[in-house]
């Protein structure tokens, strides 16, 4: 009798088909609303995984990152992957903002906490999990670090003129890694300089592949990804990257094991290229 009662209770807890249908209808309606909203915005970037739009959200200048469904993936896998990456990016942006607030508080409250340095990142306005849309602050008037470096080189400036920028980037990424935040896709295209540009205020973006890890290996790989991207995008700037690493080493409380792992990852990369 007790077993029969348990079975009946379990059945009663299962969602009714009507509830499933209502949930599916609500999800479809939410996605339709988001699609109509995005159609009114300016498409500024089309990537393999997401589209980025520019517009206004509740009266504020905003960027909207939409992880659109991929037809080649199984729908269930697509839903899980899209949601997970949207959640990861939103959490990473919030973690950066919290670290920045801690640094600003420390600068006010006493010398012991001064010099921590913050992590600037766009403010998250809203996350639409039904459509995997992330609504963020637009950093108006900004340029990517990639464009800034290329413009400097094209106008005849020497790599030595970029050493101040390298120092600032090293400080920001050291702070990020000390928070155990791994970016996952570090390139100079994923760093912005907000105006006035001469103040070298770095804003980190595009945390879709980010994750949390305290392992020096993961941080070393993060730096290796940046090194490969940096030196391939900006030839003859080895001295700039060395200045970045020097700044990272001086700014991070955990730099020594991370840089040791970076050397190991470099060695593995060279061995793979030799083997082919």
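The values are calculated or read from the model by the stated rules, or taken from the named source; none is laboratory data. Quick caveat: nothing in here was measured; it's all calculated off a predicted structure. Please note: Cβ atoms are built from the backbone with ideal geometry, for glycine as well, and neighbour counts cover all protein chains shown.
Quick rundown of the values:
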item: Which listed residue, of 215, 231, 267, is without any contact (Cβ under 8 Å) to a residue 12 or more places away in the chain and surrounded by fewer than 13 Cβ atoms within 10 Å (Cβ to Cβ); result: 267
item: Matching residues in segment 178-194 - criterion: being under 10 Å from the mean Cα position of the chain (by Cα) and part of a loop (DSSP other than H, G, I, E, B); result: 183, 184, 185, 186
item: Meets criteria (at pLDDT 80 or above, surrounded by 13 or more Cβ atoms within 10 Å (Cβ to Cβ) and in a strand (DSSP E or B)) for residue 127; result: yes
item: Which numbered condition residue 214 misses (of (1) part of a helix (DSSP H, G or I); (2) over 30 Å from residue 138 (Cβ atoms)); result: (1)
item: Options 193, 200, 209: the member that is buried (at least 16 other Cβ atoms within 10 Å of the Cβ), touching a strand residue (DSSP E or B) at 6+ places or on another chain (Cβ under 9 Å), more than 15 Å from residue 248 (Cα to Cα) and at pLDDT below 95; result: 209
item: Only listed residue being part of a helix (DSSP H, G or I), under 16 Å from residue 187 (Cβ atoms), out of contact with any helix residue (DSSP H, G or I) (no Cβ under 8 Å at 6 or more places or on another chain) and touching a residue at least 12 places away in the same chain (Cβ under 8 Å), chosen from 240, 225; result: 225
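Per-residue answers, yes or no, for (1) at pLDDT below 80; (2) buried (at least 17 other Cβ atoms within 10 Å of the Cβ); (3) touching a helix residue (DSSP H, G or I) at 6+ places or on another chain (Cβ under 6 Å); (4) outside any helix (DSSP H, G or I):
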site	(1), (2), (3), (4)
38	no, yes, no, no
44	no, no, no, yes
89	no, yes, no, no
98	no, no, no, no
